[in-house]
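Okay, structure first, notes after.
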Amino acid sequence: MKEIKKPLLAGMISKNILSKLQSGTFYDLHHKIQMCDVLEIRYDLFENIDEWASLASQVSTLNPKAKIIGTIRLECDGGLFKTPMMEERLKLWQLILEADRVPDWLDLEEQALVYADDFMRMAKKAKSKVFISKHDFNQIPSMESLSLLQTHARELKVKGIKVAAMSQNQKDYLPLYGFLKEISDFHLKSVFAMGLSGVSSRIWSLKHGANLTYASFIEELPTLSLLPVELMRKAIDSLHTYQSEDELAANLLMNPSVS
């Protein structure tokens, strides 16, 4: 597996965004797509399940150089997929993974580890890599909780870990940077804080070993301080010029899109 030598920027693909792109009229949106190294298909944002099998193929034509992440996000993890029934989700993943074009990476939530063995077998057959994700919309997880996540990841031999957790006050997310050191040997690492007080961690985490972060394509999507693609691309490319996270945060908060 090739080492990830530069930070990757991921943009989220919803039904609304894909429809606009395929209409051929939103040229600015096409430009933003090219700024991304990774495109995340949020299958839960596409109501028509019959369309799911073809989505990776459709999205790959938008930016052929971009890697594709596949995600069926549960409501408890901030998504729209309402049915937590594991058997049903496995059938949906099977639908996705039997297509001619499949996601390069699959996002397996901590909540879904109960069917991890079956999921891993399906992913291996499809030659898709897997990372485990943890979302906490209330607080920064304890180190015990993060250590357990790491243990699960190592037991399953997945290739990456993602943690997105809500910051309640300035710098309460600093333990996440320590966690990044503990998982430095994983291929894919995305660990950051959500919320306004943690907005700079989406970029500064890259200084601490993360190699994937996320951005938004359009203004209707920035929630939990998910920043626009253009701003994230500029900040990542100029990251080497910042002397401290405080300096970076001040620069970001001057941008009117951060609220």
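The values are calculated or read from the model by the stated rules, or taken from the named source; none is laboratory data. In this text the structure is predicted, and so the values were computed from the model without any measurement. Positions of Cβ are backbone-derived with ideal geometry, glycine not excepted, and every protein chain shown enters the neighbour counts.
Yes or no: segment 56-64 includes at least one residue that is at pLDDT 90 or above, touching a Lys or Arg at 6+ places or on another chain (Cβ under 7 Å) and hydroxyl-bearing (S, T, Y). Step through it out loud before you land on a result.
Start the filter on segment 56-64 by keeping residues that are at pLDDT 90 or above, which leaves 56-64.
If we keep only those that are touching a Lys or Arg at 6+ places or on another chain (Cβ under 7 Å) as well, we get 56-57, 60.
Filter again for hydroxyl-bearing (S, T, Y), leaving 57, 60.
Yes, segment 56-64 contains a residue that is at pLDDT 90 or above, touching a Lys or Arg at 6+ places or on another chain (Cβ under 7 Å) and hydroxyl-bearing (S, T, Y).
Residues that are surrounded by 15 or more Cβ atoms within 10 Å (Cβ to Cβ), at pLDDT 85 or above and either over 17 Å from the mean Cα position of the chain (by Cα) or more than 30 Å from A153 (Cβ to Cβ) (or both): does segment 209-224 have at least one?
Taking every residue of segment 209-224 in turn, none turns out to be surrounded by 15 or more Cβ atoms within 10 Å (Cβ to Cβ), at pLDDT 85 or above and either over 17 Å from the mean Cα position of the chain (by Cα) or more than 30 Å from A153 (Cβ to Cβ) (or both).
Which numbered condition in (1) more than 26 Å from G209 (Cα to Cα); (2) without any contact (Cβ under 8 Å) to a residue 24 or more places away in the chain is the only one that K5 fails?
(1)
Suppose we filter L113, L108 for residues that are modelled with pLDDT under 95 and part of a strand (DSSP E or B); which single one remains?
L108
Please go through segment 32-49 and pick out each residue that is in contact with a helix residue (DSSP H, G or I) (Cβ under 9 Å, 6 or more places away or on another chain) and either exposed (fewer than 14 other Cβ atoms within 10 Å of the Cβ) or aliphatic (A, V, I, L, M) (or both).
Of everything in segment 32-49, those that are in contact with a helix residue (DSSP H, G or I) (Cβ under 9 Å, 6 or more places away or on another chain) and either exposed (fewer than 14 other Cβ atoms within 10 Å of the Cβ) or aliphatic (A, V, I, L, M) (or both) turn out to be I33, M35, L39, I41, L45, E47, N48, I49.
Out of the residues in segment 100-113 that are closer than 25 Å to M194 by Cβ and of a type in the set (A, V, I, L, M, F, W, C), state the one that is surrounded by the fewest Cβ atoms within 10 Å (Cβ to Cβ).
L113
Does any residue in segment 78-107 that is basic (K, R) come within less than 8 Å, Cβ to Cβ, of a residue that is surrounded by 16 or more Cβ atoms within 10 Å (Cβ to Cβ) and modelled with pLDDT of 70 or more six or more places away or on a different chain, and which pairs are these?
Pairs that qualify, where the first residue is basic (K, R) and the partner is surrounded by 16 or more Cβ atoms within 10 Å (Cβ to Cβ) and modelled with pLDDT of 70 or more, are R89/I72; R89/A112; R101/A56; R101/S60.
Take segment 34-53 and flag every residue that is aliphatic (A, V, I, L, M) and under 12 Å from the mean Cα position of the chain (by Cα).
Matches in segment 34-53: V38, L39, I41.
Which is among the charged types (D, E, K, R), closer than 18 Å to D104 by Cα and crowded, with 17+ Cβ neighbours inside 10 Å, of K134, K124, K157, K162? Outline the logic, then answer.
On the way: K134 fails: closer than 18 Å to D104 by Cα; K124 fails: crowded, with 17+ Cβ neighbours inside 10 Å; K157 fails: crowded, with 17+ Cβ neighbours inside 10 Å.
Step by step, each of K134, K124, K157, K162 is checked, and only K162 is among the charged types (D, E, K, R), closer than 18 Å to D104 by Cα and crowded, with 17+ Cβ neighbours inside 10 Å.
Please name all residue pairs, on different chains or six or more residues apart, with Cβ atoms under 9 Å, provided the first residue is in segment 161-186 and is on the phi > 0 side of the Ramachandran plot and modelled with pLDDT under 95 and the second residue is surrounded by fewer than 20 Cβ atoms within 10 Å (Cβ to Cβ) and among the polar types (S, T, N, Q).
Taking only residues 6 or more apart or on different chains, the pairs are K171/S197.
Do we have S145 as modelled with pLDDT of 95 or more, within 15 Å of the chain's Cα centre (by Cα) and among the polar types (S, T, N, Q) here?
Against the criterion (modelled with pLDDT of 95 or more, within 15 Å of the chain's Cα centre (by Cα) and among the polar types (S, T, N, Q)), S145 does not qualify.
Residue check: is D50 over 16 Å from S128 (Cα atoms), at pLDDT below 95 and in contact with a His (Cβ under 6 Å, 6 or more places away or on another chain)?
Judged against the criteria, D50 is not a match.
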